[in-house]
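First comes the structure, then the notes that go with it.
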Amino acid sequence: MKHDKFLGVEPGRPVRPALRFRDPERRPPGGHVVFLGGAETRGEVLERPFPALVETALGVPCLNLGVAQASAEAFLADPEVVGTCRGAALTVIEVMGAANLSNRLYAVHPRRNDRFLRALPALEAIVPGVDLCGVCFTRHLLRELRAAAPDRFDLVREELRLAWRARMRTLIERVGGPVLLLRLPPEEGDPVLGPDPLFVTDAMVEALRPWVAGIVEVPAGAGRWTPEEREAAAHREVAAALVGPVRAALAAQERVRASRSAPGRR
């Protein structure tokens, strides 16, 4: 089966996830930039997360569609998201982890992608007899699987990586217009499972380069901040890294439009 068929729902059953976004009421007329991502993009506790800072710097409407604990799956399941991106001049997609994706081993909730719904028969074949009765979240699930079968956990991790590759390609294709990938500095994450974004390697991100306008790598911050200052400072650093690539991508789009409308072209 293809990985892009796994969206955490029963086949043939229509789903309208009704995702809750940071900017739910904004409807830019076009020429805007859409930001897709997880909690980092959303910036829940901040008055001005990095999409708002980019908007101020460039004077271009920037729509923050960040959703906490989201993966590419949440956005693919919501047709309004895809439509909003198709009407945008540019879409910026945060590189999110691989754990919160439905795959050939388990299914996740279509809106709250960190919620584990059910195991699939292939998981029982890899880790027979594992008790998942009290498991509600994907990270808990993965820790249980690693503890139950450490010698076979590589099979689980590789399945998630395959699902991530397929779902990211599908999201980029569905968006339709130019895309920038945003790669934030890795976080320590889970001491058992590894750093965030979980299970995503340099090679996986680099393999997407032929299908995107660029990949923005945000360096780890060098500043010394208090805990209260750290999150706002990190968002300023992300915005600073994004402004140049976003400006360049928008300028490239404008040149394409100008060439298409030039006299003598049909």
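Hey, any hits in region 232-254 for a residue that's of a type in the set (A, V, I, L, M), under 15 Å from the mean Cα position of the chain (by Cα) and under 23 Å from GLY30 (Cβ atoms)? No, because not a single residue in region 232-254 is of a type in the set (A, V, I, L, M), under 15 Å from the mean Cα position of the chain (by Cα) and under 23 Å from GLY30 (Cβ atoms). Listed conditions (1) over 15 Å from ALA213 (Cβ atoms); (2) at pLDDT 95 or above are all met by GLY264, apart from (2). For region 79-94, taking the residues that are of a type in the set (A, V, I, L, M) and more than 13 Å from the chain's Cα centre (by Cα), the one that is nearest to GLU158 (Cα to Cα) is identified as VAL82. Picking from residues in region 123-139 that are surrounded by 12 or more Cβ atoms within 10 Å (Cβ to Cβ), in a helix (DSSP H, G or I) and hydrophobic (A, V, I, L, M, F, W, C), the one that is nearest to the chain's Cα centre (by Cα) is LEU123. Scanning region 96-115 for residues that are of a type in the set (A, V, I, L, M, F, W, C) and crowded, with 22+ Cβ neighbours inside 10 Å yields MET96, ALA98, ALA99, LEU101, LEU105, VAL108. Could you check region 174-204 and list, in sequence order, the residues that are under 22 Å from ALA77 (Cα atoms) and either assigned to a strand (DSSP E or B) or of a type outside the set (D, E, K, R) (or both)? VAL175, GLY176, GLY177, PRO178, VAL179, LEU180, LEU181, LEU182, PRO197, LEU198, VAL200, listed by residue number. Taken over region 58-78, the criterion of being in a helix (DSSP H, G or I) and either buried (at least 21 other Cβ atoms within 10 Å of the Cβ) or within 16 Å of the chain's Cα centre (by Cα) (or both) is satisfied by ALA72, GLU73, ALA74, PHE75, LEU76.
Scanning region 79-94 for residues that are in a loop (DSSP other than H, G, I, E, B) and surrounded by fewer than 20 Cβ atoms within 10 Å (Cβ to Cβ) gives a single hit, GLY87.
Do you know which residues across region 43-57 are in a helix (DSSP H, G or I), in contact with a Gly (Cβ under 9 Å, 6 or more places away or on another chain) and over 13 Å from LEU182 (Cβ atoms)? Don't jump to the end; show me each part of the working.
To start, the set of residues in region 43-57 that are in a helix (DSSP H, G or I) comprises 50-57.
Next, only the ones that are in contact with a Gly (Cβ under 9 Å, 6 or more places away or on another chain) stay: 50-52.
Listed by number, the list holds a single entry, ALA52.
Would it be correct to say that THR201 is at pLDDT below 95 and polar (S, T, N, Q)?
Details: at pLDDT below 95: no; polar (S, T, N, Q): yes.
So THR201 fails the test.
Taking the conditions exactly as written (in contact (Cβ under 8 Å) with a residue 24 or more places away in the chain, in contact with an Asp or Glu (Cβ under 7 Å, 6 or more places away or on another chain), closer than 23 Å to THR170 by Cα and not charged (D, E, K, R)), does GLY87 satisfy them or not? If you could, list the steps in order and put the result at the bottom.
Values: in contact (Cβ under 8 Å) with a residue 24 or more places away in the chain: yes; in contact with an Asp or Glu (Cβ under 7 Å, 6 or more places away or on another chain): no; closer than 23 Å to THR170 by Cα: yes; not charged (D, E, K, R): yes.
So GLY87 fails the test.
Would it be correct to say that VAL156 is without any contact (Cβ under 8 Å) to a residue 60 or more places away in the chain and surrounded by 14 or more Cβ atoms within 10 Å (Cβ to Cβ)? Yes; evaluated as a whole, the condition is true for this residue. For the structure I just gave you, tell me whether PRO210 is over 15 Å from the mean Cα position of the chain (by Cα), in contact (Cβ under 8 Å) with a residue 40 or more places away in the chain and in a helix (DSSP H, G or I). Against the criterion (over 15 Å from the mean Cα position of the chain (by Cα), in contact (Cβ under 8 Å) with a residue 40 or more places away in the chain and in a helix (DSSP H, G or I)), PRO210 does not qualify.
Quick check on this structure: which one of ARG230, ARG247 is of a type in the set (Lys, Arg), at pLDDT 90 or above and either within 24 Å of ARG139 (Cβ to Cβ) or surrounded by 10 or more Cβ atoms within 10 Å (Cβ to Cβ) (or both)? Before you say what the answer is, go through the steps one by one.
Values: ARG230 fails: at pLDDT 90 or above.
None of the others qualify; the one that does is ARG247.
A count restricted to region 95-122 and to residues that are farther than 19 Å from LEU65 by Cβ, under 21 Å from the mean Cα position of the chain (by Cα) and not in a strand (DSSP E or B) stands at 6.
The condition of being at pLDDT 95 or above, farther than 26 Å from VAL216 by Cα and in contact with a Lys or Arg (Cβ under 6 Å, 6 or more places away or on another chain) holds for only one of ALA72, ALA107, that being ALA107.
The values are calculated or read from the model by the stated rules, or taken from the named source; none is laboratory data. Quantities reported herein were computed from a predicted structural model and do not represent experimental measurements. Neighbour counts run over all protein chains shown; Cβ positions are idealised from the backbone, glycine included.
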